[in-house]
Every structure is written in structure tokens, then in C-alpha cells.
1. Restricting to DSSP H runs of at least four residues, report the calculated mean residue ellipticity at 222 nm for the chain, -39500 (n - 2.57) per run over all residues, nearest 500 deg cm²/dmol.
2. Counting Lys and Arg as +1 and Asp and Glu as -1, each charge on the Cβ, what is the dipole of region 137-222 about the Cα centre in debye, to the nearest 20?
3. Work out, step by step, the length gained on full extension between residue 24 and residue 209: first 0.36 nm times the residue separation, then minus their alpha carbon distance; give nm to one decimal.
4. In whole Å, what is the distance between the alpha-carbon centres of region 204-244 and region 1-63?
5. Could you give each residue of region 234-244 its phi-based ³J(HN,Hα) in whole Hz, using Karplus coefficients 6.51, -1.76, 1.60 with θ = phi - 60°, and x for Gly or Pro?
6. For region 22-32, in order, what is each residue's ³J(HN,Hα) by Karplus, 6.51 cos²θ - 1.76 cosθ + 1.60 with θ = phi - 60°, in whole Hz (x at glycine and Pro)?
7. Using amide H atoms built 1.01 Å from N in the peptide plane, name the residues 5+ places from residue 187, or on other chains, whose amide H lies under 5 Å from its own.
8. Within 10 Å, count the other beta carbons around each residue, average over each peptide in 126-135, 197-206, 152-161, and list them highest first.
Amino acid sequence: MFRALREHAELIDQSIDFWEVAPENWIDVGGRFGREFRKYAERYPVVCHGLSLSIGGPTPLDIDFLNSVREFLNEHDIPLYSDHLSACSDHGHLYDLMPIPFTEDAVRHVAERIRTVQEVLERKIAVEHVSYYAAPGQELSESEFINAVITEADCNLLLDVNNAFVNSVNFGYDPYKFIDSLPISRVTYIHIAGHYEEAEDLRIDTHAAAVVDPVWKLLEYVYQNYGSIPTLLERDFNFPPIPELVSEVAQIKQYQARVPSKNSEPAQTLQES
């Protein structure tokens with residue numbers, strides 16, 4: 001990994017404005033890899049996107065883990081932490097992001113847990129709406145649920161454009177209207193990624209392929225209507241050569257250059273988890 005980054009250091013320096021890392025992969029990592037990480041964290045802005053918070057889970061939050069996250073964020077001067085609006089544990093990790101029932105009870109449960117996380121981390125966090133394939137016990141629409149959680153928890157939103165598209169195909173709704181229904185003023189940054197087309201009416205969020213044209217168009221719509229929000233290109237496996245990834249980052253920049261920036265934060269990156 002680090003070898004490939006070194007081989008393309010000049011290209012990366014010219015193209016990448018910030019990185020996203022999963023803190024679970026780097027907390028307490030020492031030795032050569034720890035030194036390499038510190039070097040990159042000192043060279044580029046970094047944000048953290050967690051994998052195991054399980055903000056919608058039934059078991060108590062792992063406060064020891066949260067304390068470790070806070071120390072990691074402070075050690076590397078990382079301003080932003082986010083995780084998924086999902087459940088991923090129940091007396092042990094499930095290694096998948098399970099949907100939270102879109103109910104009023106779930107809103108209260110999740111919002112209380114987010115407030116606790118923010119108190120422990122001593123900063124406001126962002127939650128990402130996830131891709132999902134079933135909606136058990138649904139009382140609210142997806143966007144109603146997201147809005148209610150964001151409002152009650154007083155937290156921010158990580159907008160995942162690919163998830164919005166995937167869910168729109170799987171559940172038959174308009175992704176543009178869905179995005180318009182979200183609290184965009186709370187968006188800290190955007191995720192964009194590729195997915196797998198299982199069938200005409202079933203898409204699987206994989207982060208393992210190039211971004212497809214309908215997702216690019218949805219991202220362009222967000223920029224045109226809400227400004228050039230900082231955007232992260234996710235890729236978790238099936239990695240192509242780095243120049244191919246950088247070409248997708250360049251496409252993000254092309255879209256962003258056509259509209260005013262929402263703020264002065266970095267605007268695009270590759271994911272390194």
C-alpha cells in the first residue's frame with residue numbers, strides 16, 4: 001500500500017487534497033506502518049470514518065473504544081469523525097452494516113447514543129445514511145428517519161451519493177427528490193463510490209468498482225444545487241492502478257470547478273482505510 005503511494009507520490013500530491021481513514025485500522029499501530037501513517041497524517045488533512053460504532057445497536061456503546069478514538073483524533077489533529085447510521089454488533093461484531101428500523105423509538109435510541117458519542121469524543125460527529133436491502137418495522141420514510149435523528153441528536157450528516165442511488169433503485173424512489181429532502185446544511189462532506197448491478201432492480205453497494213454514470217449525474221446535481229461540497233472517492237478492494245483512481249478524482253474536480261464552493265475545506269480525495 002505505502003509502496004504504491006510512494007511510487008506515485010508526485011501524482012498524488014497534485015491530485016489529492018485530503019484522506020479518509022478508518023480509525024479501527026490504525027489505533028495502536030506502531031513500528032514502520034505507524035511511522036508511515038504519521039508521515040501522511042502530517043502531510044495531508046485527514047478525516048476519520050468509523051466501521052464499528054454500531055450507533056443503532058442494542059448493546060451498550062463501547063466507551064473504552066470511544067476513548068481510544070478520541071485519543072487517536074487528538075494525537076493526529078483530526079477534526080472530523082463519522083460513522084454509519086446502522087447497527088453492526090450484538091454481543092460481538094457482525095461485520096456488516098445492518099439497517100435500523102425507521103421508527104420513532106429508534107430515532108430516540110439512536111439520538112441518545114449519538115449525543116453520548118459526541119460527549120465522549122468532545123466534538124460533533126457526522127452519521128452516514130447507509131445502503132440497505134430491507135426495512136423491517138418501518139413507520140417513517142428513510143428521509144424522515146434521517147432528518148429526525150440529525151435534529152434530535154444535533155449531529156451532522158455524511159451524504160453518500162452512491163448509497164442514495166443504490167437505495168433508489170432497490171426501493172423504487174427518486175434519488176434526486178431523496179437528496180432534496182435531506183438536511184443538506186448539515187452535510188460535512190460527500191462519499192461517492194462504485195457498486196455491483198445484481199439485477200435491473202437490485203444494486204449492491206461494494207466500493208469495488210468505478211463510479212457509474214447515473215451516480216456521477218447525481219453528484220453533479222448536488223453540486224449544482226448545493227455548492228461544491230468536499231467529496232471523497234471510496235474504494236475498498238478490487239483496486240485498479242492508482243492513476244485510474246486519480247482520474248476519477250479528476251472527474252470530481254471537473255464537476256466542482258463548475259460551481260461555487262460550499263466552504264474552504266478540501267474538496268476531494270481517495271480513501272485509505
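1. -13000 deg cm²/dmol
2. Working: 4 positive and 15 negative charges, 54 e Å.
Roughly 260 debye, rounded to the nearest 20.
3. Numbers: separation 185, 0.36 × 185 = 66.60 nm, distance 2.36 nm.
The residue 24-residue 209 span can extend by a further 64.2 nm.
4. Region 204-244 and region 1-63 have Cα centres separated by 19 Å.
5. Computed from phi, the couplings for region 234-244 are 9, 8, 9, 7, 6, 6, x, x, 3, x, 5 Hz.
6. 8, x, 4, 7, 10, 4, 6, 7, x, x, 4
7. Sorted by chain and number, the residues that satisfy this are 157.
8. Details: 126-135: 19.5, 197-206: 13.9, 152-161: 21.3.
Result, highest mean first: 152-161, 126-135, 197-206.
A short reminder: the numbers here are calculations on the coordinates, not readings from a lab. A quick note: this is a predicted structure, and the numbers were derived from the prediction, not measured. Reconstructed Cβ throughout: ideal geometry from the backbone, glycine too, with neighbour counts over all protein chains shown.
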